[in-house]
1. Is there a residue being among the hydroxyl-bearing types (Ser, Thr, Tyr) and at pLDDT below 95 anywhere in region 39-47?
2. Which of the residues belonging to region 46-75 are in a helix (DSSP H, G or I), open to solvent by 30 Å² or more (accessible area, probe 1.4 Å) and closer than 17 Å to Thr110 by Cα?
3. Being open to solvent by less than 40 Å² (accessible area, probe 1.4 Å), touching an Asp or Glu at 6+ places or on another chain (Cβ under 7 Å) and modelled with pLDDT of 90 or more is the filter here, so list the residues in region 114-149 that pass it.
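The values are calculated or read from the model by the stated rules, or taken from the named source; none is laboratory data. Just so you know, these numbers come straight off a predicted model, no measurement behind them. Backbone-built Cβ (ideal geometry, glycine too); neighbour counts: all protein chains shown. Quick note on the areas: whole protein, heavy atoms, side chains included, nothing else; ligands and nucleic acids left out. Shrake-Rupley method; radii C 1.70, N 1.55, O 1.52, S 1.80 Å.
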Amino acid sequence: MRPDRATTAEPQSATTARTDRDVAVDSNRATTTVTVRCTGHVRDAVGAHELEFAFEGDRLRDFLESFFDVYDLEDMLIAETEADAAHSGWAPVPDDLPGTWRKNPEGEQTRPYARVCINGRFNEHLGGFEAGLEDGDRVALIYPFMFCC
């Protein structure tokens, strides 16, 4: 955590670089408060396993943008490209997969071993980064410790 930042996001005030339209849109956005649960490397970086976090908006995308403004974890959790989202050791995907498989689009995927869950469900099953959040929801940021011989 950066020492100059609070542990919860606060609504940003309008600056001279922002337009009047941006300010009007921001003033109409509701604030949502969620419980954030952190594991592994995320817990180490944040310094706590659980915290309350308030942000403007009501989507996972809004939460992540606000959270990453406070905690510099985006590079740890989010993959920019398809190659960043997969590990070379994964088994090949069969042509005929059973059931319904969902995958977030490129740029909205997590890195190998990292996951984002909402109330215990993986975000890609809830609409990806567009998934809605309500006050009191639980968002888990998971990046387990991995050790090899």
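1. yes
2. Of everything in region 46-75, those that are in a helix (DSSP H, G or I), open to solvent by 30 Å² or more (accessible area, probe 1.4 Å) and closer than 17 Å to Thr110 by Cα turn out to be Arg61, Glu65, Glu74, Asp75.
3. Ile118, Phe129, Leu133
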